[in-house]
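Heads up: the structure comes next, in structure tokens.
The values are calculated or read from the model by the stated rules, or taken from the named source; none is laboratory data. Keep in mind it's a predicted model, so treat the numbers as computed, not measured. Backbone-built Cβ (ideal geometry, glycine too); neighbour counts: all protein chains shown. These area figures cover heavy atoms from the full protein model, side chains too; ligands, DNA and RNA do not enter into them. Shrake-Rupley method; radii C 1.70, N 1.55, O 1.52, S 1.80 Å.
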Amino acid sequence: MEAVLMNTDGNRKQGNGTFEVQIGDKDFDFVTVTFEDAEVTGAQVAMSVGKRPVENYVVLRHLNTGELESLRPTETSELDKNKVSRFFVVEGGDTHRFFVDGLAMEWPRKKPIAWQIKLLAGAGDEQALTLERPGVDLVFDDDEEVDIGGGDAERFKLRKRKKTVTVIYGGDTEFELERRVYTTEELMTEFGVPAGYKLDVIGSDGVFREMAPGERLKVRDGMEFASHPPVGQSS
């Protein structure tokens, strides 16, 4: 999108600006806006992308350190000359605080996607977002929702991502598979499912679901599978 020059009262002006910023929405879709002044208010940032009334939106400044902090409508933020600063304008009221490797962040929605948090923290594809609790290390795939809406501020870590996952077939047999998307037929080959049998994926609630021919499934750590003959009896 073409950059738009804004003056201090939020009105559009013509000409070449001095301070260029990226402004993202809840889906992390960005537009580029150019301001002529070195300082902008939260209200100016919101109005520059047509978000009114400004009190219905949360404006967040993505700092060069990777931290994310809210900006009140009348609060000013100094722009970095000759650099691209990043803001987010998201509909909402309260924000939910969390930490990633010690970086303080906040977000208006309770369940951002893991890749979004990784982007904020400057993590690479080879890193995985991990929630560490006593006795439990929960590793998120990039496309998983992350619940930050609890009472306490969650503390996440970035860890080097394993290239494989461990899944269970037939109740007790572990298979180490490459971390990727598999078809039903590929999984059946990996597990050695008998000819003519059907493959089931077992949900976290213990419910068996028969996989359709040609279905594609991204395998995750701890997934469980089983098989059964066509008549529907468990193997």
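Pairs of Lys residues in the chain are counted when their Cα atoms are under 13 angstrom apart and they lie 8 or more places apart or on different chains; the count is 5. Among the trypsin sites (Lys or Arg not before Pro) in the range 43-111, those located in a DSSP loop and surrounded by at most 11 other Cβ atoms within 10 Å of their own Cβ are Lys81, Lys83.
Solvent exposure of the chain amounts to 56 Å² per residue of accessible area, where only protein heavy atoms count and the probe is 1.4 Å. Charge tally for Ala212 (other residues, Cβ to Cβ under 15 Å; Lys, Arg +1; Asp, Glu -1): -2. Summing charges over all other residues whose Cβ lies under 14 Å from the Cβ of Leu103, with Lys and Arg as +1 and Asp and Glu as -1, gives 0.
The range 16-35 and the range 124-189 have their alpha-carbon centroids 33 Å apart. Legend: calculated FRET efficiency, Arg52 to Arg179, from the Cβ-Cβ distance at R0 = 35 Å, rounded to 0.05, equals 0.20.
The modelled label-to-label distance between Arg216 and Glu126, using points 7 Å beyond Cα along the C-beta direction, is 2.6 nm.
Remark: the range 221-230, residue by residue, has Karplus-estimated 3J(HN,Hα) of 4, x, 4, 10, 9, 8, 9, 8, x, x Hz, where x stands for each Gly or Pro and the curve is 6.51 cos²θ - 1.76 cosθ + 1.60 at θ = phi - 60°. For log10 I(q)/I(0) by the Debye sum over Cα atoms at q = 0.10, 0.16 Å⁻¹, which listed value, (i) -0.49, -1.23; (ii) -0.42, -1.12; (iii) -0.62, -1.05, comes from the coordinates shown? Given (i) -0.49, -1.23; (ii) -0.42, -1.12; (iii) -0.62, -1.05, the calculated one carries the label (iii). For the chain, the share of accessible area belonging to carbon and sulfur comes to 44 percent (1.4 Å probe, ligands and nucleic acids excluded).
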